[in-house]
Structure formats: C-alpha cells, structure tokens
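These notes concern the structure reproduced below.
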Amino acid sequence: MAVAVTTDILRELAAFEAENGCALSIYVDFDPSSTPTTPDVETKFNAVLSEAEKLSEGHAGDRDCKLALRDDIQRIRAWWDGFDRDGSRGIALFASSADHLLRALPLSEPVGDSVHLGSELRLSPLAGQLGRGDGALVVFVSRERGSVFRLDGGRLVEVVDESEEVPGQHDQGGWSQSRYQRHIENLVAEHLKSVGGEVDRRVRRGVGLTIVAVGPEELRPEFEAKLSQETRSALVGWTSVESHAAPTEILEAVRPLLDEAHARRDEAVLERWQEEHGRHNRAAAGWKQTLDAASDARVEVLLVGDGVAHPAWRCPECGRASADGGKCQLDGTKLEQRADAADLAIHQTLVHGGTVVRVGSGALAGADGIGALLRF
C-alpha cells in the first residue's frame, strides 16, 4: 500500500548521511500509462536496477564501498521479490548496508525513474509529492448514508460510519401524511447533525484540515448549517456520485477538488513570497541567497521550481551548502561539488525545521527557479 509523503518522513530522510558515502537512492515510475501490465513493471524495475548496478560498479570509492553497494543491490532484489505493488504508482528505495538502511516508500503518485549515489539521500522527487491530499477528510452524506473517510496513501479509509435507515413510505402506518413527513425530516436533520459533529471533532483535533463533501445538491445548505465555522472554512468543495459508490469511485470524483485546493495553497505561498521579495523583506531569491539562508536555518518555506537544475557545493565537515566553490566560510574545509543544488537546499531546509513547496517551472523565473520565505 502506498504511503503518504509527509514533512516528518522527508525530515527523517534528510537527516541521514552514509558513513562511507555510499547510499543508494532509487526511484521507479509505475504510471499505468507507461507500465500497464505486471510484465511492464518487472521490465521497468529491472532496467532501473541495472542502471544502479552500473553506477555502483563505476563508483570511485574503495573496495568496502563497492562490496556494500553489491550487497545493497542484492537486498533490493530480495525485497522486490516479496513486494506487492497493491496500486502504488511509483517507488522510492533508499539503501546503505554499511548503515543498516533499507527503506522502501510505495508512492500514490507517479515519480520519474532515477538513480543517485552519494552520502545523502536524494529527496527532490519526493518533495514534489508532499501534501498531495493525504490526510484530507472526505464526507459522503445523504439522507441515510453518513460516511467519513480519510485519504491515506492514495486510498480512502473509512473512519466513521454514521449511516442510518430512515423509515420509508411503507412505514407510515396510521400517521397523517404531514405528521409523518415532519417525523422523517426530523430524523434526517438529526442524522446530518450527527455526521457533522463527527467531522467537527476531527477538525478540532487538527485532523483533516482539508475537507471535501460528497452528496446531493438539495442537502448541501442543511448539512453545512450543521458544521462549525472552522469546519466550513476547511471545506474546499462538493461533488456527487452514485448513492452506493465504492471508495475508489468516490476518490476519483473528489481528486480534482483536492488537487485544486493543493494548487491554491501553493499559489498563496508563492504570492506571499512575491510580496515579501518585492518589499525586500523576509525573502530570499536565487541560489546564493537561498542556499546561504537554508544553511543558516533561516528558511521557513523553500520554494523550488519544477525541473530546475543548478550545480552547488557542500562542506563535507559541517554540511553547509554554497552556490560558490572554494572553502567553507565556517571551518575552511574545501567544498565538494554537487550536481543537484535543489536537493541540497531541500536537505538544509528540512533538517533545520523548514518546509518545502514545489511550484511551476516558470513561477520563479526571475529568481532562477529557487526562493524562500525566511524566519528572520
């Protein structure tokens, strides 16, 4: 089952550093458009792992490092033999036998194929999947049904079932039509109140701060009236499906609303950065300013443009990142060049408690594809 990419997971991975400098980061894409069948998936995985083997064999490290890398490849193959794809659309694998590390993250979103070898784990592909709707609440509400789902690892998991059987016409008995109808409407109102109360409780606990409701048009005003103001503020939209829709069908219907909500949040962060940068206030722009700020633990939110590429340097002693070569300005150690400056910025931001937002490729064009909102 796919896992949700969270800031905590990224922060844990960012803190890792291989003692021998030989850690593998492998990403394999299982997008159904390119790998529709099980044999296609097997072929793709074997091709990427063959690339990892070639990279390992050509590594300039010592004999112990090469032996460790061979062991990593064997352990990954053994893990793969027991892996159940179970709907995942990509996989991230991190291995360093010398450090007793083998971590696999099945992903709910496609991820490009890539292999990286170094002392740190490559996190750029994962950062693009951060906060993609996981943890959101989906409320399916009708006159009888009241189900609350939580989006977890790309799947809807039911956490509350408040469904109730509302009496039908055949149960009327000797009641007058108007009296019976009032009775039914009271039952429906209590049902909606009960479902709304369950959602409110989760919002108060900080769970599911993005909410999508699924239900008939005529119930929307009445149901929203049962919700607290905080919950209504977290409600990003409504949609409808068949009354007996399965969780997979419900997710297909709500996914566009969740993607739109995610895009709006990213746009709000970008607008905040543009405002701060325009005022020459708490914002960094460009590789030098951003890498310096990230290394100084000043980055609150790192903004990284999709597809940006830039070289950078890193101090092997203190880990400080720099857009310039030469020596570390803190300890004088000669800096080592790295091909992926964005990954260095992501690492420095995460280990110092910041967060990461991916934006469109042209959103930070004036800043060379990188920027940050600063704490100070």
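The values are calculated or read from the model by the stated rules, or taken from the named source; none is laboratory data. The shown structure was predicted, so the numbers you read here are calculated from the model rather than taken from an experiment. Note: ideal-geometry Cβ built from the backbone for every residue, glycine included; neighbour counts use all protein chains shown.
Within the span defined as segment 364-372, one or more residues are under 24 Å from GLU17 (Cβ atoms) and either surrounded by 19 or more Cβ atoms within 10 Å (Cβ to Cβ) or in contact (Cβ under 8 Å) with a residue 60 or more places away in the chain (or both).
So for segment 213-232 (the condition being at pLDDT 95 or above and either under 30 Å from THR349 (Cβ atoms) or under 18 Å from the mean Cα position of the chain (by Cα) (or both)), does at least one residue qualify? No, segment 213-232 contains no residue that is at pLDDT 95 or above and either under 30 Å from THR349 (Cβ atoms) or under 18 Å from the mean Cα position of the chain (by Cα) (or both). Tell me, which residue of segment 214-237 that is surrounded by 14 or more Cβ atoms within 10 Å (Cβ to Cβ) and of a type in the set (Ser, Thr, Tyr) is nearest to VAL188 (Cα to Cα)? Top of the filtered list is SER228.
Take GLU162 and decide whether it is without any contact (Cβ under 8 Å) to a residue 40 or more places away in the chain, closer than 30 Å to ALA245 by Cα and more than 24 Å from the chain's Cα centre (by Cα). Spelling it out, GLU162 is indeed without any contact (Cβ under 8 Å) to a residue 40 or more places away in the chain, closer than 30 Å to ALA245 by Cα and more than 24 Å from the chain's Cα centre (by Cα).
Of the residues making up segment 72-101, those that are charged (D, E, K, R), within 15 Å of LEU49 (Cβ to Cβ) and touching a strand residue (DSSP E or B) at 6+ places or on another chain (Cβ under 9 Å) are ASP72, ARG75.
Scanning segment 41-68 for residues that are in contact with an Asp or Glu (Cβ under 9 Å, 6 or more places away or on another chain), farther than 11 Å from VAL28 by Cα and among the basic types (Lys, Arg) turns up just one, LYS66. Return a yes/no flag: does segment 341-351 have any residue that is part of a loop (DSSP other than H, G, I, E, B) and either of a type outside the set (A, V, I, L, M, F, W, C) or not assigned by TED's automatic domain parsing to the domain that holds GLY366 (or both). Checked segment 341-351: no residue is part of a loop (DSSP other than H, G, I, E, B) and either of a type outside the set (A, V, I, L, M, F, W, C) or not assigned by TED's automatic domain parsing to the domain that holds GLY366 (or both). Here GLU162 meets the list (1) over 18 Å from LEU137 (Cβ atoms); (2) modelled with pLDDT under 80 almost entirely, failing just condition (1). For segment 278-321, a tally of residues being farther than 13 Å from ALA345 by Cα, surrounded by fewer than 20 Cβ atoms within 10 Å (Cβ to Cβ) and touching a strand residue (DSSP E or B) at 6+ places or on another chain (Cβ under 7 Å) returns 3. When you check PRO110 against the structure, is it modelled with pLDDT under 90 and not in a helix (DSSP H, G or I), yes or no? Yes, satisfied.
Can you tell me which residue within segment 20-31, out of those that are touching a helix residue (DSSP H, G or I) at 6+ places or on another chain (Cβ under 9 Å) and more than 23 Å from CYS65 (Cα to Cα), is surrounded by the most Cβ atoms within 10 Å (Cβ to Cβ)? Restricting to residues being touching a helix residue (DSSP H, G or I) at 6+ places or on another chain (Cβ under 9 Å) and more than 23 Å from CYS65 (Cα to Cα), the top hit is VAL28.
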